[in-house]
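Worksheet for the structure shown next.
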Amino acid sequence: MTTLWSEAVDLWEQILLSKRRCDLIIRGNASGLKCIANPLRWYFYHEFLMMLERAGFEDLVTYSDHSDRPATQESKTVVYGALRPRSAAIGFPI
């Protein structure tokens, strides 16, 4: 897979559009070519917490860099954890 460009960034909508070229190779022979546009939407720390809260999750926690440490501004990766009460999960398998 080859990234052709990743230039289309919409800061207002928080979307990065990258176009990729995929070459299908079967037994060493080029068999096809496909170009795919991949939109990637990102959310900021507080936005994501608000979405989880609004969806009915409780006891929200964040962890830093796949560890047990709380997330901070210096975290390279933030892992979100939350509990969804049974009353909010009606109709969904638990």
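Quick note: the coordinates plus some simple rules give every number you see, no bench work behind them. A quick note: this is a predicted structure, and the numbers were derived from the prediction, not measured. For neighbour counting, all protein chains shown are included, and Cβ atoms are generated from backbone atoms with ideal geometry for every residue, glycine included.
In deg cm²/dmol and to the nearest 500, what is the mean residue ellipticity at 222 nm of the chain if only DSSP H runs of at least 4 residues count, each as -39500 (n - 2.57), divided by the residue total?
Values: 1 runs with 10 residues, N = 94.
Value at 222 nm, helices only, nearest 500: -3000 deg cm²/dmol.
Helix 45-54 axis versus longest C-alpha principal axis of the chain: approximately 60°, rounded to the nearest ten.
Classify the chain as rounded, prolate or oblate from the Cα gyration tensor: take a ≥ b ≥ c as the square roots of its eigenvalues, call it rounded if a/c is under 1.5, otherwise prolate when a/b beats b/c and oblate if not. Can you show the working numbers first?
Values: a/c = 2.32, a/b = 1.89, b/c = 1.22.
Note, shape of the chain comes out prolate.
Rounded if a/c is under 1.5, else prolate if a/b beats b/c, else oblate: with a ≥ b ≥ c from the C-alpha gyration tensor eigenvalues square-rooted, which is region 39-91? Provide the component values of the computation, followed by the final result.
Working: a/c = 2.56, a/b = 1.54, b/c = 1.66.
It comes out oblate by the Cα gyration axes.
Given contacts defined as C-alpha pairs under 8 Å and at least six residues apart, what's the relative contact order of the chain, whole-number percent? Can you show the working numbers first?
Numbers: 134 pairs, mean separation 15.9, N = 94.
Here the relative contact order equals 17 percent.
Under a point-charge model restricted to the Cβ atoms of Lys and Arg (+1) and Asp and Glu (-1), what is the dipole moment magnitude of the chain relative to its Cα centre, in debye to the nearest 20? Intermediate results must be reported in sequence, preceding the final value.
Values: 11 positive and 11 negative charges, 115 e Å.
With only Lys, Arg, Asp and Glu charged at Cβ, the dipole is about 560 debye.
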